[in-house]
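So the structure is just underneath, and the comments pick up after that.
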There are 2 protein chains.
Amino acid sequence: MTPAPTMGEFAFIDALRTLPLHPGARGLADDAAVVEIGGESLVITHDSMAEGVHFLPGADMADVAWKLVASNLSDLAAKGAEPVGVLLGHVLGSDDARFLEGLDEVLSHYNVPVLGGDTIAAAGPRTLGLTAIGRATHRPVPSRAGAQAGDALFVTGEIGAAMLGFEALRDGSGADSSAYRRPMARLAEGIALAPQVTAMMDVSDGLLLDALRLAEASKVTLSVETALVPFDVPADRRRDALRWGDDYELLFTLPAGIEPAIPATRIGNVDARKKAALLLDAVPMPGPEGLGYRHGNNK
Amino acid sequence: MTPAPTMGEFAFIDALRTLPLHPGARGLADDAAVVEIGGESLVITHDSMAEGVHFLPGADMADVAWKLVASNLSDLAAKGAEPVGVLLGHVLGSDDARFLEGLDEVLSHYNVPVLGGDTIAAAGPRTLGLTAIGRATHRPVPSRAGAQAGDALFVTGEIGAAMLGFEALRDGSGADSSAYRRPMARLAEGIALAPQVTAMMDVSDGLLLDALRLAEASKVTLSVETALVPFDVPADRRRDALRWGDDYELLFTLPAGIEPAIPATRIGNVDARKKAALLLDAVPMPGPEGLGYRHGNNK
């Protein structure tokens with residue numbers, strides 16, 4: 001029996017922040033690290049997926065490979081970076097042939113090569129890791145911290161399809177689950193938006209939770225209007241969809257009067273910081289609890 | 001019950017090689033990837049450590065953190081790179097406070113900052129990953145592939161202390177186990193050697209196995225003489241020490257007549273490729289089996 005962790009994810013990340021941090025780590029409070037090297041800005045991110053937590057035993061490992069890569073590329077998209085390559089931290093399993101098929105599909109789709117990694121044998125549920133390296137296409141590289149009072153808040157695509165996809169898969173309903181199994185990283189959108197945005201991040205843990213993080217990083221208050229959010233779910237599921245993760249859309253702010261370079265929906269406003277960092281339909285949201293996933297990305 | 005893997009580590013890595021590889025991946029047959037960016041060469045490596053495989057349940061997690069970082073920095077050392085930062089793929093455990101202490105110690109020792117990573121909760125034995133990023137100090141960046149007939153073969157430090165340290169720890173003998181628990185990455189040595197060497201790698205999986213890999217990558221035959229190897233073990237353990245990993249010394253080749261810039265021991269010669277890639281005391285070694293660890297780094 002494995003003893004329970006003594007620290008939660010956020011306590012651990014807070015402790016990490018007391019170690020020497022690279023300036024490009026952005027205080028472990030952004031989607032990716034940004035390293036200036038050779039006159040360019042390199043963008044680096046690492047995300048893991050654990051069996052039993054981020055995917056279920058028996059999941060199609062081709063889908064797991066797709067999501068492992070796409071979720072990391074989504075962090076590059078949030079920086080307006082173009083991918084250079086990935087390093088895979090792989091634990092061998094009974095279904096590696098399917099994993100390799102999915103890996104080939106996602107890398108071919110995004111035209112991203114393998115740079116390296118490590119393959120090991122280990123017992124029990126697997127933890128798979130991926131490091132994605134990208135090259136910034138615009139500097140300064142967008143961060144979560146640049147939103148200004150008076151800006152408008154936008155999101156790409158639609159919100160909620162990943163939630164419905166998860167439920168379809170869980171319930172075996174036969175409905176389309178591809179939005180959950182095979183999310184798309186908004187790389188082209190991120191590159192188009194990078195020169196325009198004052199702040200940008202990807203929506204991985206839920207629109208409200210991620211909006212709160214952007215507000216806190218920027219030291220502003222974000223107001224989100226439910227009626228403006230482009231949902232892909234029935235009306236009675238909108239409340240849940242605001243709190244569900246895995247959409248991998250881009251959330252960003254633009255100065256007043258600037259239209260986004262790619263299709264996106266205005267969902268709210270940026271105001272000077274009030275007591276609450278996030279308002280939903282003018283109601284202050286108390287804190288992160290209940291707003292969405294809290295995976296604990298220490299990035 | 002987790003089904004057994006259907007592919008071994010080397011079959012998986014061979015399959016990975018059929019996916020699109022970055023030219024800097026060096027065919028997944030080197031210690032690290034090398035990416036040209038701007039006017040610099042970035043060196044990137046990722047290694048994992050699994051509980052029950054690379055460390056035992058109950059191990060001091062400060063030692064595990066040290067080794068996780070040092071083993072990755074050793075890959076940078078083999079490229080003559082200076083570290084830029086690390087990204088940690090962490091799985092929470094009951095002993096994270098000790099892990100953080102060891103992480104602080106090793107990062108402070110090498111003056112390497114945290115760039116980012118990911119922290120997750122997961123059940124069962126943990127797999128911890130680390131990505132280390134470095135900047136090459138000399139170009140071309142040393143590889144395993146450049147040894148030439150007529151070169152001499154060298155190794156830094158001594159061979160075998162990690163084996164004795166592992167045994168001391170395993171047997172509770174009270175003898176010094178630090179070489180096993182807290183290996184040193186030869187960063188300064190790698191930087192000093194990079195302009196001189198024709199080929200270089202770190203000794204992580206055993207002197208003989210790693211020498212075989214260097215020979216195969218360089219398409220030469222290496223001859224190692226046991227009597228020349230600088231052992232740190234009793235005479236009756238030399239045979240084992242040649243096949244044990246975890247020393248993290250540097251193995252490298254220099255043109256005839258060139259003295260290494262740092263202390264190192266000549267242990268053999270490089271000849272044009274014969275039938276066997278590796279000779280030990282003039283006896284051909286048949287293949288990798290029985291020569292050392294085969295962890296399956298896909299780098």
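The values are calculated or read from the model by the stated rules, or taken from the named source; none is laboratory data. Just so you know, these numbers come straight off a predicted model, no measurement behind them. Don't worry about glycine lacking a Cβ; one is built from the backbone with ideal geometry, like all the others, and counts go over all protein chains shown.
You will find that of A:Val43, A:Val35, the residue that is within 24 Å of A:Leu73 (Cβ to Cβ) and free of Cβ contacts under 8 Å to residues at least 40 places away in the same chain is A:Val35 and no other.
From the list B:Val64, B:Val34, B:Val69, which residue is among the hydrophobic types (A, V, I, L, M, F, W, C), more than 8 Å from every other protein chain (Cβ to nearest Cβ) and farther than 29 Å from B:Asp95 by Cα?
Working: B:Val64 fails: farther than 29 Å from B:Asp95 by Cα; B:Val69 fails: farther than 29 Å from B:Asp95 by Cα.
Of the residues listed, the single one that is among the hydrophobic types (A, V, I, L, M, F, W, C), more than 8 Å from every other protein chain (Cβ to nearest Cβ) and farther than 29 Å from B:Asp95 by Cα is B:Val34.
For region A:67-85, state whether one or more residues are more than 30 Å from A:Gln196 (Cβ to Cβ) and surrounded by fewer than 22 Cβ atoms within 10 Å (Cβ to Cβ).
So the first thing to find is which residues in region A:67-85 are more than 30 Å from A:Gln196 (Cβ to Cβ), and the list is none.
No, because not a single residue in region A:67-85 is more than 30 Å from A:Gln196 (Cβ to Cβ) and surrounded by fewer than 22 Cβ atoms within 10 Å (Cβ to Cβ).
Here is the figure for region B:252-299: residues that are aromatic (Phe, Trp, Tyr), at pLDDT below 95 and in contact with a strand residue (DSSP E or B) (Cβ under 6 Å, 6 or more places away or on another chain) total 0.
Checking each residue in region B:121-148 for being of a type in the set (Gly, Ala, Ser) and more than 9 Å from chain A (Cβ to nearest Cβ) picks out B:Ala132, B:Gly134, B:Ala136, B:Ser143, B:Ala145, B:Gly146, B:Ala147. Filtering region A:115-127 to residues that are touching a helix residue (DSSP H, G or I) at 6+ places or on another chain (Cβ under 6 Å) and hydrophobic (A, V, I, L, M, F, W, C) leaves only A:Leu115.
Under the condition of being touching a residue at least 12 places away in the same chain (Cβ under 8 Å) and within 20 Å of A:Ala162 (Cβ to Cβ), the residues counted in region A:216-238 number 10.
Taking the criterion of being over 30 Å from B:Pro57 (Cα atoms), in a helix (DSSP H, G or I), among the small types (Gly, Ala, Ser) and facing chain B (nearest Cβ under 10 Å), would at least one residue in region A:107-120 satisfy it?
First, the residues of region A:107-120 that are over 30 Å from B:Pro57 (Cα atoms): A:107-115.
Narrowing further to those that are in a helix (DSSP H, G or I): A:107-110.
When the remaining residues are screened for being among the small types (Gly, Ala, Ser), the result is A:108.
Then keep just the ones that are facing chain B (nearest Cβ under 10 Å); that gives A:108.
Yes, region A:107-120 has at least one match.
Taking the stated definitions as given, is B:Ala50 touching a strand residue (DSSP E or B) at 6+ places or on another chain (Cβ under 6 Å), more than 18 Å from B:Gly146 (Cβ to Cβ) and touching a residue at least 24 places away in the same chain (Cβ under 8 Å)? So B:Ala50 fits the description; yes. Among all positions in region B:44-55, there is no residue which is more than 7 Å from chain A (Cβ to nearest Cβ) and in a helix (DSSP H, G or I). In region A:278-289, the residues that are assigned to a loop (DSSP other than H, G, I, E, B) reach residues that are of a type in the set (Asp, Glu) with C-beta atoms within less than 9 angstrom, at least six apart or across chains, in these pairs: A:Asp281/A:Glu225; A:Ala282/A:Glu225.
A Cβ distance below 6 Å, combined with a sequence gap of six or more or placement on separate chains, defines the contacts here; from region B:77-105, residues that are within 9 Å of chain A (Cβ to nearest Cβ) reach residues that are among the polar types (S, T, N, Q) in the pairs B:Leu87/B:Thr131; B:Gly89/A:Ser48; B:His90/B:Thr119; B:Val91/A:Thr127; B:Ser94/A:Thr6.
Quick one: would you say A:Leu250 is closer than 24 Å to A:Asp75 by Cα and within 18 Å of the chain's Cα centre (by Cα)? Working first, answer last.
Values: closer than 24 Å to A:Asp75 by Cα: yes; within 18 Å of the chain's Cα centre (by Cα): yes.
Yes; evaluated as a whole, the condition is true for this residue.
In this structure, A:Val233 does not qualify as more than 12 Å from A:Gly268 (Cα to Cα), crowded, with 24+ Cβ neighbours inside 10 Å and in the same structural domain as A:Asp246 (by TED's automatic domain parsing). A single member of B:Ala29, B:Ala25 is crowded, with 24+ Cβ neighbours inside 10 Å and assigned by TED's automatic domain parsing to the domain that holds B:Asn72, and it is B:Ala25. Against the numbered list (1) closer than 23 Å to A:Leu73 by Cα; (2) hydrophobic (A, V, I, L, M, F, W, C); (3) in contact with a His (Cβ under 8 Å, 6 or more places away or on another chain), A:Ile133 comes up short only at (3). Taking the criterion of being within 8 Å of chain B (Cβ to nearest Cβ), free of Cβ contacts under 8 Å to residues at least 12 places away in the same chain and within 23 Å of the chain's Cα centre (by Cα), the residues of region A:9-22 that qualify are A:Ala15, A:Leu21.
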